[in-house]
Amino acid sequence: MGHSSYLRFGVLLVTLCVAAAAETGSVVGRVVDPTGMYLPSPEIRVVGEALSAREYKAVGNVQGQFTVGRVEPGVYTLTVSVRGFKKAVKSIQVASGQQLDTGITRLQIGGCNEPGVICDDFGLTLYNAPIHAQGSLEVPQLCAVDIDEGKVTCTIELDGRATIPPAKDADSDFWLKIGGRGEVKFSPRNGVTLALNPATESSRDGCASAAYSSADVRVDGLPLGSRICLRTTRGRYAQVEFSGVIRLRAKRVKIEFVTWQGKVDIPPLQLSPHK
């Protein structure tokens, strides 16, 4: 096969691929909770309603946006699922070459028997707010925590006590402070406030109703099950629990944390028009 034959074959292949792509469509949208806050990683199923039903699956991104590509033209059932919420089901029709925008899908909180749902003693559903970040951290002395993102940094300026290059960390929420008698404290930074052992359940709503202060919170000697709520530098609520009883002069503190989504995470309720 000569050079010209290879060239013609390549042009033909590209033409066929473009033609095939033009024959299919796509489905896009965004998933939010009852308050309009996005729901990360929604699971999407697009199932054909014809006898020879085709099925397409996708997982949305952390902002709740999803795209299902290369969908053959036809009538489909769109199912949107997120753990802890009721599924949303709707009928859609995809045309050749079309990007079908399904807009905002608002999911309702699931029943008490569904995984990820919290209910009180009377069987009433408590709002299980979407989580921005969660995990485990080990915090050394004189190091600070950005609880929004679950990051520990030891290169900060610590309120005039110590300066470690490069500069003050404006994103950190608290640092591990050691008192003159070996007391271990969480010291809030950058306008953050703390609340020790909120009276209500371990949830975002519990932290939202807690009584906050800008004072240091002493954590050594706290009993197991103790927790601290925070209003973070970005306006979210977070909660910290301890993996064990903390001793005087502890050089490191192990914590479990969860940071719930806040107003900063609420997306616009309208998708940008597709041109």
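The values are calculated or read from the model by the stated rules, or taken from the named source; none is laboratory data. Please read all numbers here as calculations on a predicted model, not as lab measurements. So basically every Cβ, Gly included, is an ideal-geometry build from the backbone, and we count neighbours across all protein chains shown.
The number of residues in segment 182-217 being over 20 Å from A129 (Cβ atoms) and surrounded by 14 or more Cβ atoms within 10 Å (Cβ to Cβ) comes to 11. The condition of being at pLDDT 80 or above and either at positive phi or surrounded by 15 or more Cβ atoms within 10 Å (Cβ to Cβ) (or both) holds for only one of G97, G116, G84, G123, that being G97.
Could we say that R106 is closer than 21 Å to A129 by Cβ, surrounded by fewer than 19 Cβ atoms within 10 Å (Cβ to Cβ) and at pLDDT 85 or above here? Yes: the conditions hold for R106. Of all residues in segment 254-266, those that are touching a residue at least 60 places away in the same chain (Cβ under 8 Å) and among the aromatic types (F, W, Y) have Cβ atoms under 6 Å from Cβ atoms of residues that are surrounded by 18 or more Cβ atoms within 10 Å (Cβ to Cβ) and part of a helix (DSSP H, G or I), 6 or more apart or on another chain, in W260/R204. Just one residue in the set R252, R227, R234 is surrounded by 14 or more Cβ atoms within 10 Å (Cβ to Cβ), in contact with a strand residue (DSSP E or B) (Cβ under 6 Å, 6 or more places away or on another chain) and closer than 17 Å to I147 by Cα; that residue is R227. Restricting attention to segment 1-48, the residues being at pLDDT 85 or above and either crowded, with 19+ Cβ neighbours inside 10 Å or within 30 Å of H132 (Cα to Cα) (or both) number 13. Scanning segment 136-147 for residues that are touching a residue at least 40 places away in the same chain (Cβ under 8 Å) and assigned to a loop (DSSP other than H, G, I, E, B) turns up at least one hit.
Residue by residue, here is whether (1) in the same structural domain as F186 (by TED's automatic domain parsing); (2) of a type in the set (V, I, T); (3) not in a loop (DSSP other than H, G, I, E, B) holds:
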| site | (1), (2), (3) |
| --- | --- |
| A211 | yes, no, no |
| A215 | yes, no, no |
| P223 | yes, no, no |
| I228 | yes, yes, yes |
| A238 | yes, no, yes |
| E241 | yes, no, yes |
| L248 | yes, no, no |
| I255 | yes, yes, yes |
| V258 | yes, yes, yes |
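Checking each residue in segment 29-81 for being under 14 Å from D265 (Cα atoms), outside any loop (DSSP other than H, G, I, E, B) and among the β-branched types (V, I, T) picks out V31, V32.
Within segment 82-105, which residues are assigned to a loop (DSSP other than H, G, I, E, B) and among the aliphatic types (A, V, I, L, M)? Passing the criteria: V82, A95.
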